[in-house]
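Report on the following structure.
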Amino acid sequence: MTVRFFNVLGAPLLAFFQYLGEVVLLAADTFRSIFTHKLRWKLFLNQIVEIGLLSQLVVVITGAFTGAVFSAQTFFQFNKLGMGSAVGAVVSVALCRELAPVLTSLMVAGRVGAAMSAEIGTMKVTEQIDALRALAVYPVDYLVVPRTLAMMVSMPLLVAECIAVGIAAGYLVAIFMLDINGTYYMANMVRWTRNRDIIMGLSKAFCFGILIVFISCHKGLTAHEGAVGVGRATTEAVVNASLAVLICNFFLTMLFNIIYPAGYQ
Amino acid sequence: MIAVRALAKKIGQQEILRGVDLEVRTGETLAIIGRSGGGKSVLLKHLVGLMEPDAGEIWIEGQNIIGMNERQLGTIRKKVGILFQGGALFDSMTVEENIAFPLHEAGERDPNVLRAKVTEMLDVMEMEGEQAKMPVSLSGGMKKRVGLARSIIRRPSCVLYDEPTSGLDPVVADSINRLIRRLQQRFGITSIVVTHDMKSAFDVADRIAYLHEGRIYFHGTSVDLQQSSDPLIQDFLLGRSDGQRGHRVES
């Protein structure tokens, strides 16, 4: 019975650890390359455009409606306790510490992660990666490094934008639709939102960006079996990156709460 | 220049190469022929380190490339160009960018130098004025020519051709064969051509190797090959399946 149990569990567990190992090795290879090889600036700037600039609309809409709906929901609950003016503080802290980094990362995993794995996967199945290698260009240097650095730069900025837009949308909803006093709203928000909340959100964004880029690039680099394989790699990249963001978010929250404790202290 | 010793490769449960021994001399053109799925392309990919064998050695200009990591292989790959079956052009780049890619990666940034070299390569390939086209708008033969231009622009000492004439009409296939010959004569390039197109093999090769069931079954000049009375080779040259041969013997 025990042997059968381990037999059934063994293969998927081994496959999972092998997958984790491959992603970690890719990450190690990428960081080694970042510190030891010249950066291809043109590719890096192209990726900044692809990841940062072209994600603007998605991030703005995500931030605006998250801030707006969170502001309304918080008001509906807090107003019963006569704490309507505390909505601003709750919206702001929640956006900084959780909502903006997680939701932005999920949107970026869907938009950018899918594009990365599809593009690299297509290059893999059409022998373009082999062509790179045959031309003495290491694929990690050429494909993964520019994407990683661009993600490291873009993600914190996108999350900062999401926080700002979310707070603005929450404020507009609170003032014009829920009749909250704007002065109290702002005063409470500024009083309860600390630098550490913003630092926590941006640090999470940085970590999530790295997770997304390695999971997506790894899926692309290991794609096989033609168009079906690329489709499968793309789907798995988005699903794995999204799950990784959600799971790591919990552990990062616990870790960052030690470094940057929540609340007014 | 290139020596392969007891090369073996298994993919899944299938033994693709079962101890290949091969030597290619500097400046010659060797054609590797064999049936489809017989491991010719796999052998070719081993020669530039794109695949790792289970056993054996590959010596290129006195260096055994087995066990080298990707970065160490970079030095070898600068000496050995490869033309992939479908060209393997970078589909996000124009013809000009594709051809200039190896020079750009080698640090050449002067646009005038790059443009001049690309133009020279396109002249050699008889594709003048096609610089701005994207790979998607090229025919199969043009893709192979651009792929070839890209692999020889850095003047490698050896070029590997993976099925250079497959999927092309006879006229375009002939022009590719002439191109391979011309490159050998003009630049003194050592060439290894993997093909199952016998006309192409006879047109371009100084020597021919027949890969059968994972081993080099025959190795010699095209005259030796044509004069061979070995039934297996005769079947391959005449395009006869086993069933046909049996039928003829019976009748």
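Some values worked out for this structure:
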| read-out | value |
| --- | --- |
| Contact order relative to length of the range B:2-220, as percent, for alpha carbon pairs under 8 angstrom and 6 or more apart | 31 percent |
| Cα-based helix-to-principal-axis angle, A:145-172 vs chain A, degrees rounded to 10 | 20 degrees |
| Neighbour-count order for B:Met51, B:Met125, fewest beta carbons within 10 angstrom listed first | B:Met51, B:Met125 |
| Equivalent ellipsoid semi-axes - Cα gyration tensor, the protein assembly as shown, angstrom | 58, 26, 19 |
| Cross-link reach list, aspartates and glutamates versus B:Lys117, counting only Cα pairs under 18 Å and skipping chain neighbours closer than eight places | B:Glu96, B:Glu97, B:Glu105, B:Glu108, B:Glu126, B:Glu128, B:Glu130 |
| When the convex hull of its Cα atoms is projected in every direction, mean area for the range A:1-139 (nm²) | 15.2 nm² |
| Exposure proxy ranking, count of Cβ atoms within 10 Å, fewest first, for A:Glu161, B:Glu28 | B:Glu28, A:Glu161 |
| Antiparallel DSSP beta bridges within the range B:2-220, percent to nearest 5 | 55 percent |
| Orientation-averaged projected area, Cα convex hull of chain B (nm²) | 14.9 nm² |
| Under 19 Å from B:Lys45, Cα to Cα: lysines that are on another chain or at least 8 residues apart | A:Lys124, B:Lys9, B:Lys10, B:Lys78, B:Lys79, B:Lys144 |
| Alpha carbon convex hull of the range A:22-259, projected area averaged over orientations, nm² | 14.1 nm² |
| Helical contribution to [θ] at 222 nm, DSSP H n ≥ 4, -39,500 (n - 2.57), averaged over the protein assembly as shown, rounded to 500 | -19000 deg cm²/dmol |
| Spin-label model distance (nm) - A:Leu172 vs A:Arg191, 7 Å beyond Cα toward Cβ | 2.7 nm |
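Since every read-out is calculated from the coordinates, none of them should be taken as a lab result. These numbers come from a predicted model, not from an experiment. Cβ: placed from backbone, ideal geometry, glycine included. Neighbour counts: every protein chain shown.
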